[in-house]
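Chemist: Please see the structure below; I have some questions.
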Amino acid sequence: MSSIEHRVIVGLEIHVQLCTESKMFCRCAVEFGQQANSRVCPVCIGMPGVLPVMNKKAFECSVLAGLALNCRIARFTKWDRKSYYYPDLPKNYQISQYDMPLAEEGFIEIPVGGGRAKRIRIIRAHLEEDAGKNLHTAGSFSQVDLNRAGTPLLEIVTEPDLSSGAEARSLAVELQRIVRYLGVSQGDMQKGHMRFEPNINLAITKDGQKFRTPISEIKNLNSFRALERSIDYEEHRQLDEFLETGAVLETGSKTTRGWDDDREITVLQREKEESHDYRYFPEPDLVPVELSDEWLERIRERLCELPLSRQMRYVDQYGLGEYDAGVLTAEVATSDFFEAVVACGAEPKRTCNLLTQVGLRLANEKRCGIDELGVTAEGVAELVRMVDHGRVSAGAGEKIFETMSDTGKDPDLLAEEMNLIQKSDAGELEGIVDEVIGENPQAVEDATSGGKKSKKAVGFLLGQVMQRTKGRANPKVVSEILAGKLN
Amino acid sequence: MEDLTAIELRERIARGEITSVAAVESVFSRIAGRDGAVGAYISTDRERAMARAAEVDRRIAAGEEVGFLGGVPVAVKDNMCTEWGATTCGSKILENFHSPYNATVVEKLIAADAIIVGKTNMDEFAMGSSTENSGLKRTVNPWDTCRVPGGSSGGSAAAVAAGFCYAALGSDTGGSIRQPASFCSVVGLKPTYGRVSRYGLVAYGSSLDQIGPLTRTVADAALVMDVIAGHDPADSTSVDEGIAGGCSYLEGIDKGVEKLRIGIVPGLTTGADESVQRAVEAALEVYKSVGAEIVEVEMPHSEYAIAAYYVIATAEASSNLARYDGVHYGYRSTGAEDYVEVYSKSRAEAFGQEVKRRIMLGTYALSSGYYDAYYLKALKVRNLIRGDFAVAFEKCDCIMMPVAPTTAFRIGEKINDPLTMYLSDVYTIAANLAGIPGMSIPCGFDHDNLPIGLQILGPTFSEGKLLRIGRMYEKETDWCRRRPSFAD
């Protein structure tokens, strides 16, 4: 019997589109979904005689992202031309960074469950310009839309430290949170703001011998799901291929495969990566960028607490569940709002419940951020306190939150107006309890009989009281009264 | 009116003694009479020029201020983008290319109320030293129509020499302003790299290219520099150093330079024609007679300049010219079956021999495995040459030498021998590699009555001083007043 074990090795090449107002080297607006070739100028369409001028904002965004990815930021960087011919590349060279990327040697931490994080090393991150798009919808001709040409792109390359599709997905989600927290990208995979190209192969141990399968690079991934599934698919495909053919990694044996989202398989695109000679050389039209300590410090000051560390802090400090903490930290607006409410003295768990169950639902319905619902952190904190003190029920709290969002009124006033103040006055409630007991002798008998029926009967009686008070009785107080009467 | 300098003309126009319309008309009548033989212009726009001239005249008549070049007819090399007409770069691939924008220098000429009469012929993409590499037409030397005007700004030099304009812009990547200026007996200034915006100059060797004036006199060159010099936000490599705060090249042009120390490089020009060497020696005597001191300096790395230049310039060119692919604009082959053939056939059909040669050279120099041996080494040579100049300029204010080893050569004489042709730039290339300014001023004629140019090189951003030094010589001699006589 032969023994075989395998391990998946994945590294990612990631392109993040920066959400600057204008393009990398000209003043054209970065805007998508516009009429083809309507966001272009002589510079980004590569007319004769034009010169690039660096977008400082894009450089700042990139340095900020580099810092968030724990990279060493180069104090001196330059631009290089990367030459290749393709119709969507108007100059037939791309302005990029070759041997002096702006950021190197960093890492990103990804959650791997159980409150633990795994560190994925980052080799480098550099800034470059995007190409346009070739459209193949006009019969035997292709058309080129250059609206995207010149959009700033941050290319991030990781070490092959990932060992599953799930981890790759986790990294993608984490990176999305980070770039959104920092405000450097919209990070929408469907819209191509973040593009992931995994390089994957297997380390196989068969009968004590070690093998490496040929590397595939997967393209055309436009969702987190596709990223994960494509790696899982490749894992099995490569294992099958190895068992069938015994093919192992050789230099230059990297193939390119495209993800077919409908069939959920990868399809061979290029057998052997042509050994492209990009003829890199320093871009003579741009001056090198030198960073001062002061400038770098100013950028560093803009670095906020990153989502994963916030998430873990919410678990540790507030005792929230990992899932809830993840939901709260998915968007910086939600997380910041949560922090603001807690800073007003609200109890974190109840705040979390209110925000995740009502706030996010409303925000989703209204397609806005939780901070744009028209409720203030102070108001929400007050509402949380009211629920906490039993002035209103948890259910009433949710109704009040909704109305706060519609009217902007403060929760105390709304509780009165909506008649949602809980009856906690034992004297008043006792009378109602007595009435209910008097009218339901069977239930009282069951309740006092002990056993299975008892719990159900107590619940029924409690329900009757709540009904009679139109839900405004404090269930805790009612339970105590009931218990006293039935004993 | 034909013999006026640009400065004289603009003053008379400003005083109302001559109208700009009359000046433009006389220029166009000379073009009509003689440019058929000379071939300086690729395109002219008489209507546009006349309309603008009339506008300048109207403003002067109304007592309004006009710009530095108010009403003066000028020409622009056809590698500078204009919103009107074609910008061809002397190439079939851009023969019908219409730029959607004006080069910064063109905007500045317009703002200074210059009247742009046309676009001048050039070696294709500025690659050449004789203008014979133009893919569109032939230009001859107005002093001898069997001879080349030099290049690549041959059209601009010929236009100024022949009286088809009062000043012209050229571009200089390895000598392309200075050498044709020398061959045509006009003044040509290649400014410091970064002194004049390159935005809208169709790139050849981006780290070497620089726009500058070709004029009848040194003072006229200063006038044009006052219009075109300065930082441009659209060109990251341009700077304001030394001219910020409204400092003028023309002001004080007659002040000269006291205790002028002129550097000469012994042994450097032994390969030059004897008549050229003699003319330069005579020019040095003139300087001595007005108090200059001659000091010897060394240029130990100058012998590597041409090799380094042809690696760096062609490497940059191979990349700069990649965009002419038939996809987005310019010539497209009608015989292409797929997009790769659109590239290969369009380029094969529309680029000339010299352009293809340089693209091949540059592509090779940048290829993986050769980069270190060629491009990187060339950059090292470039730094050494920069260093040579820095050391030399500690001992002198400027360095003088011939512009070219010969006077204008015969059409066809060198066109099939690229290496000999490349040697035409042996004295001019170092300035581009070092980024320093260099000027060519007329300093005599050889036995065939062909013009000889004196080259004056200075440290970076010393254009003001260079112009004053050139002016010192101009005042002592009358070479700049000589005009070619046409056998009409």
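The values are calculated or read from the model by the stated rules, or taken from the named source; none is laboratory data. This one's a predicted model, so the numbers in the text were calculated from it and none came from an experiment. Neighbour counts are summed over all protein chains in view; Cβ atoms, including those assigned to glycine, are modelled from backbone coordinates with ideal geometry.
Table: residues versus (1) among the small types (G, A, S); (2) under 25 Å from A:A103 (Cβ atoms).
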{"position": "A:A168", "(1), (2)": "yes, yes"}
{"position": "A:L182", "(1), (2)": "no, yes"}
{"position": "A:H193", "(1), (2)": "no, yes"}
{"position": "A:T205", "(1), (2)": "no, no"}
{"position": "A:K210", "(1), (2)": "no, no"}
{"position": "A:E234", "(1), (2)": "no, no"}
{"position": "A:E244", "(1), (2)": "no, no"}
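Chemist: Take residues that are surrounded by fewer than 16 Cβ atoms within 10 Å (Cβ to Cβ) and not charged (D, E, K, R) and tell me which of the helices (runs of 4 or more DSSP H) falling wholly in the range A:376-487 contain 2 or more.
Modeler: Of the helices (runs of 4 or more DSSP H) lying wholly inside the range A:376-487, those with at least 2 residues that are surrounded by fewer than 16 Cβ atoms within 10 Å (Cβ to Cβ) and not charged (D, E, K, R) span A:394-407, A:426-439, A:441-449, A:451-468, A:475-486.
Chemist: Next question, about the same structure. In this structure, does A:S62 turn out to be buried (at least 23 other Cβ atoms within 10 Å of the Cβ) and touching a residue at least 60 places away in the same chain (Cβ under 8 Å)?
Modeler: yes
Chemist: Also: With respect to A:F32, is the statement that it is more than 30 Å from B:E83 (Cβ to Cβ), more than 14 Å from every other protein chain (Cβ to nearest Cβ) and surrounded by fewer than 21 Cβ atoms within 10 Å (Cβ to Cβ) true?
Modeler: no
Chemist: Moving on. Consider B:G194 against the criteria (1) at positive phi; (2) over 21 Å from the mean Cα position of the chain (by Cα); (3) modelled with pLDDT of 95 or more: it satisfies all of them except one. Which criterion is unmet?
Modeler: (2)
Chemist: Oh, and also: Report, ordered by the first and then the second residue, all pairs with beta carbons closer than 7 Å, sequence separation of six or more or different chains, a first member in the range B:21-32 that is closer than 17 Å to B:A168 by Cα and at pLDDT 95 or above, and a second member that is surrounded by fewer than 21 Cβ atoms within 10 Å (Cβ to Cβ) and of a type in the set (V, I, T).
Modeler: Matching pairs, first to second residue: none at all.
Chemist: Report whether or not A:C26 is touching a Leu at 6+ places or on another chain (Cβ under 7 Å), assigned to a loop (DSSP other than H, G, I, E, B), within 14 Å of another protein chain (Cβ to nearest Cβ) and buried (at least 17 other Cβ atoms within 10 Å of the Cβ).
Modeler: It is false that A:C26 is touching a Leu at 6+ places or on another chain (Cβ under 7 Å), assigned to a loop (DSSP other than H, G, I, E, B), within 14 Å of another protein chain (Cβ to nearest Cβ) and buried (at least 17 other Cβ atoms within 10 Å of the Cβ).
Chemist: Additional query: Just to check your reading of the model, which residue among A:G326, A:G321, A:G359, A:G345 is farther than 30 Å from A:K91 by Cα, of a type in the set (G, A, S) and without any contact (Cβ under 8 Å) to a residue 12 or more places away in the chain?
Modeler: From the options A:G326, A:G321, A:G359, A:G345, the qualifying one is A:G321.
Chemist: Looking only at the range B:208-216, decide whether some residue is farther than 21 Å from B:G155 by Cα and more than 14 Å from chain A (Cβ to nearest Cβ).
Modeler: Scanning the range B:208-216, I find no residue that is farther than 21 Å from B:G155 by Cα and more than 14 Å from chain A (Cβ to nearest Cβ), so the answer is no.
Chemist: Out of the range B:306-349, which residues are facing chain A (nearest Cβ under 9 Å) and not hydrophobic (A, V, I, L, M, F, W, C)?
Modeler: Hits for the range B:306-349 are B:E316, B:S318, B:S319, B:N320, B:R323, B:Y324, B:D325, B:H328, B:Y329, B:G330, B:Y339, B:Y343.
Chemist: Please go through the range B:184-207 and pick out each residue that is within 14 Å of chain A (Cβ to nearest Cβ) and among the small types (G, A, S).
Modeler: B:G194, B:S197, B:G200, B:A203, B:G205, B:S206, B:S207, listed by residue number.
Chemist: A further question follows. Find the residue count for the range A:59-80, including only residues that are more than 19 Å from B:D235 (Cβ to Cβ) and in a helix (DSSP H, G or I).
Modeler: Looking only at that region, the number is 9.
Chemist: Against the condition under 20 Å from B:G438 (Cα atoms), crowded, with 20+ Cβ neighbours inside 10 Å, touching a helix residue (DSSP H, G or I) at 6+ places or on another chain (Cβ under 9 Å) and touching a residue at least 12 places away in the same chain (Cβ under 8 Å), how does B:A317 come out, does it pass?
Modeler: Judged against the criteria, B:A317 is not a match.
Chemist: With the requirement that a residue be surrounded by fewer than 24 Cβ atoms within 10 Å (Cβ to Cβ), more than 10 Å from chain A (Cβ to nearest Cβ) and closer than 23 Å to B:A350 by Cβ, what does the range B:85-131 give you?
Modeler: B:G85, B:A86, B:K92, B:E95, B:N96, B:H98, listed by residue number.
Chemist: Tell me, please, whether a residue that is over 26 Å from the mean Cα position of the chain (by Cα) and farther than 17 Å from A:P282 by Cβ can be found in the range A:92-113.
Modeler: yes
Chemist: Given (1) within 30 Å of B:S207 (Cβ to Cβ); (2) at pLDDT 95 or above; (3) part of a loop (DSSP other than H, G, I, E, B), where does B:G155 come up short, assuming only one miss?
Modeler: Checking B:G155 against (1) within 30 Å of B:S207 (Cβ to Cβ); (2) at pLDDT 95 or above; (3) part of a loop (DSSP other than H, G, I, E, B), the one that fails is (3).
Chemist: Can you tell me which of (1) at pLDDT below 80; (2) outside the structural domain of A:D316 (by TED's automatic domain parsing) is the one A:L413 doesn't meet?
Modeler: (2)
Chemist: Could you list, in sequence order, the residues of the range B:352-374 that are within 20 Å of B:M421 (Cβ to Cβ) and either in a helix (DSSP H, G or I) or at the interface with another protein chain (Cβ under 9 Å from one of its Cβ atoms) (or both)?
Modeler: First, the residues of the range B:352-374 that are within 20 Å of B:M421 (Cβ to Cβ): B:352-362, B:364-365.
If the condition is that a residue be within 20 Å of B:M421 (Cβ to Cβ) and either in a helix (DSSP H, G or I) or at the interface with another protein chain (Cβ under 9 Å from one of its Cβ atoms) (or both), then B:Q353, B:E354, B:V355, B:K356, B:R357, B:R358, B:I359, B:M360, B:L361, B:G362, B:Y364, B:A365 are the ones that fit.
Chemist: While we're on this one: Taking A:D240 and the conditions (1) more than 30 Å from B:E316 (Cβ to Cβ); (2) among the charged types (D, E, K, R); (3) touching a Leu at 6+ places or on another chain (Cβ under 6 Å), which numbered condition does it fall short on, given that it satisfies the others?
Modeler: (3)
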